[in-house]
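The values are calculated or read from the model by the stated rules, or taken from the named source; none is laboratory data. From a predicted model like this one, the values you see are computed outputs, not experimental measurements. No Cβ is skipped: glycine too gets one built from the backbone with ideal geometry, and neighbour counts run over all protein chains shown.
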Amino acid sequence: MKKAVIFWLLCIVIACGKQAMAQDPNFHLYLCLGQSNMEGPAAIEAQDTTVNSRFQVIAAMNCPDLGRSQGNWYPAKPPLFRCNTRLSPADYFGRTLVAHLPETIRVGVIPVAVAGSKIEIFDKTQYQGYLDSSATERPWMINMAKAYGGNPYERLVELARAAQKVGVIKGILIHQGESNTGDKAWPTKVEKLYANLLMDLDLSPNSIPLLVGEVVHADQNGACASMNTLIATLPQTIPKALVISSAGLPAVPDRLHFTSESIRKLGKRYAVQMLSLLGYPASEKE
């Protein structure tokens, strides 16, 4: 009799453990990737230092000074990407979502971005050739990639698979293109990246939104503004692709990187688009 009781108690404990680790449909997850304007180019200011606990980030690497360990979840207080990056559109994307979604819903971001990198750094089979060819010209970029184990794509997939155990992937955010300005093959490369991510995460083809932000706009004399013409073509080949406008968002003097206020507004624009898809219309001005 005692053995039977112990057996059933063990069964209850195991069942509770599995339930605690079960996928929560109300934990919405978003992959966030790209280069510097996604990674976080802008100063973190006082208004950015507090965050709703419903908005969380999975640590992409160990950051002892931030009290974060790779693969664990934390309140999404910037920096979200590498240990010493700054304010990202992903910050105000998540903040805006939790402000408009029901309180039962949490939002989590899965962040991997490398400043100065071409989209080739996320090519699952050819990334090493790109890194090798960039070693002399951009050694600082190689060191950033090393922070992600030398393979940013694999780190992104690894984190996303871990995240899928506790939540549901709802979309992918990209801000990249400055380093590929004028590359007419860029849309095809993005399409390949999107398809590979869905395949490696066991998601159906063309099943989730791909939100792609414009680089600094021509109306701000953006140094790479011509790239927005190529970015605009993505919905022609990726049915779930949506372009997030950068019109009217000022840049710092290099004309490549957005100001802190522009980063906040850009993040909100990503969120407004996603909220509309989820059935929660919102305005950038809210």
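Among the residues of segment 62-90, how many are under 27 Å from V215 (Cβ atoms) and within 15 Å of the chain's Cα centre (by Cα)?
The qualifying residues number 13.
What are the residues in segment 244-258 that are of a type in the set (S, T, Y) and either surrounded by 17 or more Cβ atoms within 10 Å (Cβ to Cβ) or under 13 Å from C224 (Cα atoms) (or both), if any?
Passing the criteria: only S246.
Would segment 158-174 turn up any residue that is in contact with a Cys (Cβ under 9 Å, 6 or more places away or on another chain), of a type outside the set (V, I, T) and either within 17 Å of A90 (Cα to Cα) or not in a helix (DSSP H, G or I) (or both)?
There is at least one residue in segment 158-174 that is in contact with a Cys (Cβ under 9 Å, 6 or more places away or on another chain), of a type outside the set (V, I, T) and either within 17 Å of A90 (Cα to Cα) or not in a helix (DSSP H, G or I) (or both).
Out of all the residues in segment 65-106, which are within 23 Å of E154 (Cβ to Cβ), out of contact with any Gly (no Cβ under 9 Å at 6 or more places or on another chain) and of a type outside the set (S, T, N, Q)?
Within segment 65-106, L66, R68, G71, C83 meet the criteria.
Among the residues of segment 37-80, what is the count of those that are touching a strand residue (DSSP E or B) at 6+ places or on another chain (Cβ under 7 Å), of a type in the set (D, E, K, R) and part of a loop (DSSP other than H, G, I, E, B)?
1
Among what's in segment 119-147 and is assigned to a helix (DSSP H, G or I), touching a helix residue (DSSP H, G or I) at 6+ places or on another chain (Cβ under 8 Å) and aliphatic (A, V, I, L, M), pick the residue that is nearest to S69 (Cα to Cα).
A145
Taking segment 54-92, which residues are within 15 Å of V112 (Cα to Cα) and among the aromatic types (F, W, Y)?
Scanning segment 54-92 gives W73, F81.
Taking only segment 222-246 into account, find how many residues are closer than 18 Å to T181 by Cβ, among the aliphatic types (A, V, I, L, M), in contact (Cβ under 8 Å) with a residue 24 or more places away in the chain and part of a loop (DSSP other than H, G, I, E, B).
Residues flagged as closer than 18 Å to T181 by Cβ, among the aliphatic types (A, V, I, L, M), in contact (Cβ under 8 Å) with a residue 24 or more places away in the chain and part of a loop (DSSP other than H, G, I, E, B) within segment 222-246 amount to 1.
Looking for whichever is in contact with a Ser or Thr (Cβ under 9 Å, 6 or more places away or on another chain) and not in a helix (DSSP H, G or I) here; the options are G116, G150, G108. Which one fits?
The unique qualifying residue is G116.
So which residues in segment 193-212 are over 21 Å from M274 (Cβ atoms) and within 17 Å of the chain's Cα centre (by Cα), if there are any at all?
Those that are over 21 Å from M274 (Cβ atoms) and within 17 Å of the chain's Cα centre (by Cα): N196, D200.
Yes/no per residue for (1) surrounded by fewer than 16 Cβ atoms within 10 Å (Cβ to Cβ); (2) touching a residue at least 60 places away in the same chain (Cβ under 8 Å); (3) among the hydrophobic types (A, V, I, L, M, F, W, C); (4) touching a Pro at 6+ places or on another chain (Cβ under 9 Å):
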| position | (1), (2), (3), (4) |
| --- | --- |
| R68 | no, no, no, no |
| N72 | yes, no, no, no |
| N84 | yes, no, no, no |
| F93 | no, yes, yes, no |
| V98 | no, no, yes, no |
| I110 | no, yes, yes, no |
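Check segment 170-188 and report whether any residue there is touching an Asp or Glu at 6+ places or on another chain (Cβ under 7 Å) and in contact (Cβ under 8 Å) with a residue 24 or more places away in the chain.
There is no residue in segment 170-188 that is touching an Asp or Glu at 6+ places or on another chain (Cβ under 7 Å) and in contact (Cβ under 8 Å) with a residue 24 or more places away in the chain.
Quick one: in segment 199-221, which of the residues that are outside any helix (DSSP H, G or I) and among the acidic types (D, E) is surrounded by the fewest Cβ atoms within 10 Å (Cβ to Cβ)?
Across segment 199-221, the extreme among qualifying residues is D202.
From the list A59, A22, exactly one residue is under 29 Å from P209 (Cβ atoms), of a type outside the set (D, E, K, R) and modelled with pLDDT of 95 or more. Which is it?
A59
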